[in-house]
Amino acid sequence: MHSRSWIICIVAMFIAATGCDSKKPVQGIVKLDGEPVGNATLTFVSEVGSDTYMGVSDSKGEFTITSADGKPGIKAGTYRIVVVKYESSGEALKMDPTDPTAIKKMETESKGDPKTKGFVGPPGAPKSSSGRIPKSQLPTVYATADSTPLKGIKIPPDTQPFVVELKSK
């Protein structure tokens, strides 16, 4: 009986030290037809649960996945990937992926609004005078969690940088 207590104690300490839901750092590159896509917002929506993570690509298409607390990392699991890119007044939409409120704003802005039709995108995304979010500069199939073909994606990937390949046709 005494050895069983030690085993339970050791297992509990291991779980506490490593964390059941520890986040893994993931870096990637987003491409459209093989070319890097800058200023794209990538949203990783968990296939199970309500976890959402995001990244914003730089001019070379490179991104780092961050969590709602603004820290790099993502829980291991399977995800749908939503990718959008907007222009606002001739200037690329800017968003700080380290802003801890960014994901919360994104979720709040898209909830309950039938005009967004499942849109998951950057907070403050420009809207037309009708209140609709403008069309992404990327193929629209990637603009919502419901329509994206990037489903069941295993994260963290086996290799990094993780390449998110979009196709225009």
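The values are calculated or read from the model by the stated rules, or taken from the named source; none is laboratory data. As the structure is a computational prediction, the values presented were derived from the model and not from experiment. In this analysis, Cβ positions are derived from the backbone assuming ideal geometry, glycine residues included, and neighbour counts consider all displayed protein chains.
Descriptive notes on the structure:
- Condition met for GLY28 (of a type in the set (Gly, Ala, Ser) and touching a Leu at 6+ places or on another chain (Cβ under 9 Å)): yes
- The residue that is nearest to the chain's Cα centre (by Cα), counting only those in region 36-69 that are of a type in the set (S, T, N, Q) and within 23 Å of SER147 (Cβ to Cβ), is THR43.
- Cβ separations smaller than 9 Å between residues 6+ apart or across chains give the following pairs from region 142-168 residues that are over 12 Å from VAL45 (Cα atoms) to residues that are among the acidic types (Asp, Glu) and not in a strand (DSSP E or B): GLU165/ASP33; LEU166/ASP33; LYS167/ASP33; SER168/ASP33.
- Among the residues of region 58-84, those that are surrounded by fewer than 14 Cβ atoms within 10 Å (Cβ to Cβ) and touching a residue at least 24 places away in the same chain (Cβ under 8 Å) comprise LYS60, ASP69, LYS71, ALA76, THR78.
- Selection status of THR78, assigned to a loop (DSSP other than H, G, I, E, B), more than 15 Å from GLY38 (Cα to Cα), at pLDDT 85 or above and touching a strand residue (DSSP E or B) at 6+ places or on another chain (Cβ under 7 Å): no
- Any hit, region 28-36, residues being among the charged types (D, E, K, R), in a strand (DSSP E or B), at pLDDT 95 or above and surrounded by fewer than 19 Cβ atoms within 10 Å (Cβ to Cβ): yes
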